[in-house]
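Asks: My questions will all concern the structure given below.
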Amino acid sequence: MIGILFFFYVAIGAALGFGLHSYAGFTIPVSVALGAVATAILGQFHLLIAHVTKTGDAEDRIEHLEKTQSAARERIEMIEARTESVESTLKHELTERRDALVSEMRQLEGLIDRLSRNFENKLSETSPAEVKPQEDAVLRNVKDALQDGRVDLHLQPIVSLPQRRVAFYEGFTRLRRPDGSLILPAEFLDAARRARLMGVIDNMLLFRCVQIVRRLSERDRRVGVFCNISTHSLTDEHFFPQFLEFMQENRDLSGALIFEIPADRFENRSRELRASMEKLTALGFRFSIDHASDLALDLPRMQDAGVRFVKMRGGDLIDQLRDPSGPRPISNVERRIQGEEVSAVCSRFGVTLVAEKIEEEVSVVEILEYEIPYGQGHVFGAPKPIKSSLMEETAPPANFIAKLSAFG
């Protein structure tokens, strides 16, 4: 195409030279020169137009390439954003599924452990020694202590945190020998269970707790008492009616007297135990669960059963709250509960956490990080016997002791 145009421009130059020579009278050299100049001008003009055209096409192509590159970059960014979103969603779902799986495994381990302990307890309850109590030295000491009224009450403070103000006391039963030495629970509990004397012990402890609460109320002290009650007493057909009658007479103390039972006994409640708890709850009394093994607490169930306090060893409580995958309470909160939120979620169901067995100050600091409202342990105060004068004032009357001892 360029060659054809070149010959066309030469022809125009030649025609111009011929016309100038033939009609204008120019000499041949001048005519040839002017024709060559015209040819050159036309060629330069063609080259200029071609260059401008090519430059425009190149710019258009560059602009098109830039637009294509920009669109490709946007697509890449969109793909990367979608990839990050999918990755984040997958990580979140995997984390939730892992947490749920770990929580279910922990609950299953706890259930297996509780079933194992319950099975062992059932075996011990049906042993021949349970059916026919052995009259050994310990059992004789227990019976003598009950008949003589040598049943003491030791109190350990439960403090509010961080103020460390005494909010409650926990009552512990201690039996005394004639010489004044103590018969520790590790010694007398087994013998008392074998002889079915736990109801006698619990009722004597309860009598003292009631009297202590009344003394505290006379001083206008808003302090309650946790009273440990054996589940055997709550299901004993001989003692529970008397127990319930005594509580009906003292139902005005329902706000200050809290009955405490072990967590494994609560989890495996019999129909009789559930009925007894409902009767006490109907009178306004509250329950506390101690020795909880983990935070997988069924809060709605506890709320319905009148449980208002849950005690857990401070070290175990801290470990489980710190663990992002640790057990968490069963509640109406659908998302994963953080450790800092556990205490508040329990409070929604009227359940208050108590960190027990706190022995060191460093544990107190760790407990405060998770806003646990109450603490108990030797760092706040060890169990101590009530004053001898108060011991005499709160002693059960002779007819009360005789009535109870008749069952033993």
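The values are calculated or read from the model by the stated rules, or taken from the named source; none is laboratory data. Here the structure is a predicted model, which is why all the values come from computation and not from measurement. Counting neighbours? That spans all protein chains shown, and the Cβs are built from the backbone with ideal geometry, glycine included. All accessible areas refer to the heavy atoms of the entire protein, side chains included, with ligands and DNA or RNA removed. Shrake-Rupley method; radii C 1.70, N 1.55, O 1.52, S 1.80 Å.
Asks: Sort out which residues of segment 152-181 are over 21 Å from residue 261 (Cα atoms) and part of a strand (DSSP E or B), and write them in order of number.
Replies: Of everything in segment 152-181, those that are over 21 Å from residue 261 (Cα atoms) and part of a strand (DSSP E or B) turn out to be 160, 165, 166, 176.
Asks: Just to be sure I understand, how many residues within segment 258-283 are open to solvent by 20 Å² or more (accessible area, probe 1.4 Å) and aromatic (Phe, Trp, Tyr)?
Replies: Going through segment 258-283 one residue at a time, the tally reaches 0.
Asks: Tell me which of these residue 226 doesn't satisfy, since it passes every other one: (1) within 20 Å of residue 288 (Cβ to Cβ); (2) surrounded by fewer than 18 Cβ atoms within 10 Å (Cβ to Cβ).
Replies: (2)
Asks: When you check residue 36 against the structure, is it under 25 Å from residue 4 (Cα atoms), at pLDDT 75 or above, part of a helix (DSSP H, G or I) and touching a Phe, Trp or Tyr at 6+ places or on another chain (Cβ under 9 Å), yes or no?
Replies: No, not satisfied.
Asks: Ok, one more. Within the set of pairs 6+ apart or on separate chains, which have a first residue in segment 41-55 that is under 15 Å from residue 10 (Cα atoms) and of a type in the set (A, V, I, L, M), a second that is open to solvent by less than 90 Å² (accessible area, probe 1.4 Å) and assigned to a helix (DSSP H, G or I), and C-beta atoms under 6 Å apart?
Replies: 42/9
Asks: Still on this structure, I have one more. Quick one: is residue 342 under 22 Å from residue 227 (Cα atoms) and surrounded by 21 or more Cβ atoms within 10 Å (Cβ to Cβ)?
Replies: So residue 342 fails the test.
Asks: Can you list the strands (runs of 3 or more DSSP E) lying wholly within segment 305-378 that have 2 or more residues being modelled with pLDDT of 95 or more, within 30 Å of residue 272 (Cβ to Cβ) and not acidic (Asp, Glu)? Full working, then the answer.
Replies: Working: elements: 307-313, 352-356, 374-376.
Here the list reads 307-313, 352-356.
Asks: Modelled with pLDDT of 85 or more and over 30 Å from residue 298 (Cβ atoms): is that true of residue 252 in this structure?
Replies: Numbers: modelled with pLDDT of 85 or more: yes; over 30 Å from residue 298 (Cβ atoms): yes.
Taking the combined requirement at face value, the residue satisfies it.
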